[in-house]
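Readers should treat all values here as calculations from the given coordinates under stated rules, not as data from a laboratory. The structure displayed is predicted, hence computed values, not measured ones. Note: ideal-geometry Cβ built from the backbone for every residue, glycine included; neighbour counts use all protein chains shown.
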Amino acid sequence: MACALSLLALVLAPLLVNGQLSERVGPLTSASSKAAYKTCNVLDYGGVADNSTDVGAAITSAWEECSDGGLIYIPSGDYALETWVTLSGGKATAIQMDGILYRTGTASGNMILVENTSDFELFSSTSKGAVQGFGYVYHREGSISGPRILRLQDVSDFAVHDVILVDAPAFHFVMDTCSNGEVYNMAIRGGDEGGLDGVDVWGSNIWVHDVEVTNKDECVTVKSPANNIQVESIYCNWSGGCAMGSLNADTVVTDILYRNIYTWNSNQMYMIKSNGGSGTVTNTLLENFIGHGNAYSLYIDGDWSSESTVTGDGVQLSNITFKNWKGTEADGYSRGPIKVVCLDTAPCTDITIEDFAMWTEAGDEQFYVCENGYGEGFCLESDGDDTTAYTSTISVTSAPSGYSAATMAADLSTAFGTVSSIPIPTIPTSFYPGLTPISSLGAAATTA
């Protein structure tokens, strides 16, 4: 079903859309066919659903038996994860994680690492499978140096869906040099602290959709190198917000699409960030964004002070379009809804801002600020041969027409903090106002 939907999305996508997927995504064979070939239940390898016995060795043993065509099954129940699992070299395999894994180990690294694997699927048939990282144990002591929850490294033709990741000591989910993947129907809930990224992705031809993230850092972020990444129906519910970067030396990012992104009470709606460096970002479309209560909205910063300066004249941005942005920012006087800061040594070119209507929640004035950005819209200067350094600031004292936008019923009223356990949520049934998930939740299929 996921593969069919992916192909349908490609057929329906506008022909001129920047950043569309380049080919099919998802596993090559279904989880049911893998299970029919061979099923390895962790309970048969020493796993016990008592939230006390370490299930790490049982998962590893089940993987060794079923990684070359088969399904590793973690039944419903509560399991302790004391030793991390590295699952390497599989082909045509799946993990059905219907149970909940609770971190009891203290090592660094990755609690679950899947690497050098093809035709892979990680999912919960009930949409209740989860990993509880208990990151607050680290965070209340001021540390974010604990383990990451989930990392996929050099994995191709894959899917991760219908699973929940909660309170990672460090990052929640990283896709490192992966390809032809689909990630969907997920809830990620982390502490109110920087360095607790939701989803980080770099690689080729990856579709991320219908994901909710709560934290205080990256929501869903593309890093270099990356091409043909499609991100849509994302719910940044009290988060850092979506982003690209930080971009460094030899950046290569092209054909990126973000669409239908809802951002509530976060640091930004979208940010492209770098400080020096080199390389290019091209052919990027960011459309249908709704935001409320965010510190920043549209934010490009080529001189981002939170990143150490990288050698180089700067990352060159070109053919970037921001289209159909609506809503409100927290304070448009101190942090205006448009901030485009490009280096005079690497001016941004062919930037388009259109159908953009946002207004401040505090006061009655907001600012648009542009530096060395060329293209069409608002404070940008027109493209041309002359890219002389400039700064432009536009003050606005009346609300633009059409800025009003819908909110979501599940918008959080407060952050989860860093000193107590974060509860495991349910996966939402909507990730953007008025839209249902592109693929039905696994639980719906189970109960049908």
Region 307-448 - Rg and Dmax from Cα coordinates, angstrom: 20.3, 62
Estimated inter-spin distance, ASP383 and THR429, nm [label 7 Å along Cα→Cβ]: 4.5
Ranked packing of 28-38, 100-110, most packed first, by mean Cβ within 10 Å: 100-110, 28-38
Full-stretch length increase - SER88, TYR333 - with 0.36 nm per residue and alpha-carbon distance subtracted: 83.1 nm
Cα-centred dipole magnitude for the chain, charges only on beta-carbon of K, R (+1) and D, E (-1), debye, nearest 20: 960
Within the chain, helix-based [θ] at 222 nm, where runs of 4 or more DSSP H residues each add -39,500 (n - 2.57), nearest 500: -2500 deg cm²/dmol
Vicinal HN-Hα couplings computed from phi for region 248-253 (Karplus, 6.51 cos²θ - 1.76 cosθ + 1.60; Hz; Gly/Pro x): 10, 6, 6, 5, 9, 9
FRET E, pair SER108, GLU141, Förster distance 25 Å, beta-carbon r, rounded to 0.05: 0.95
Counted charge near GLY302, where neighbours are those whose Cβ lies closer than 15 Å (Asp, Glu -1; Lys, Arg +1): -4
Computed label-point distance, nm, for sites ALA410 and ILE394 using a 7 Å Cα→Cβ extension: 3.6
Computed lengthening from SER401 to VAL252, 0.36 nm per intervening residue step minus Cα-Cα distance: 49.9 nm
Distance histogram in 5 Å bins (all Cα pairs of region 214-323, percent per bin): 3, 13, 24, 25, 19, 12, 3, 0
Environment charge of LEU28, counting only residues whose C-beta is closer than 13 Å and scoring Lys/Arg +1, Asp/Glu -1: -2
Packing rank of 425-431, 335-341, where each peptide gets the mean count of other beta carbons within 10 Å, highest leading: 335-341, 425-431
Net charge over other residues, Cβ less than 13 angstrom from the Cβ of GLN230 (K, R count +1; D, E count -1): -4
Length added when fully stretched, THR436-ASP50, from 0.36 nm per residue minus Cα-Cα: 135.4 nm
In the chain, lysine pairs with alpha-carbon atoms under 30 angstrom apart (chain gap of 8 or more, or interchain): 21
Size descriptor, Kirkwood hydrodynamic radius, that averages inverse alpha-carbon separations across region 15-223, Å: 16.9
Angle in degrees between helix 2-12 and the longest Cα principal axis of the chain, rounded to the nearest 10: 20
Rounded D (µm²/s) - the chain, Kirkwood Rh over Cα pairs, Stokes-Einstein at 10 °C, 1.306 mPa s: 72
Angle between the chain longest axis and helix 56-66 axis [Cα atoms, degrees, rounded to 10]: 80
Cβ crowding within 10 Å averaged over residues, with 179-191, 390-402, 282-294 ranked highest first: 179-191, 282-294, 390-402
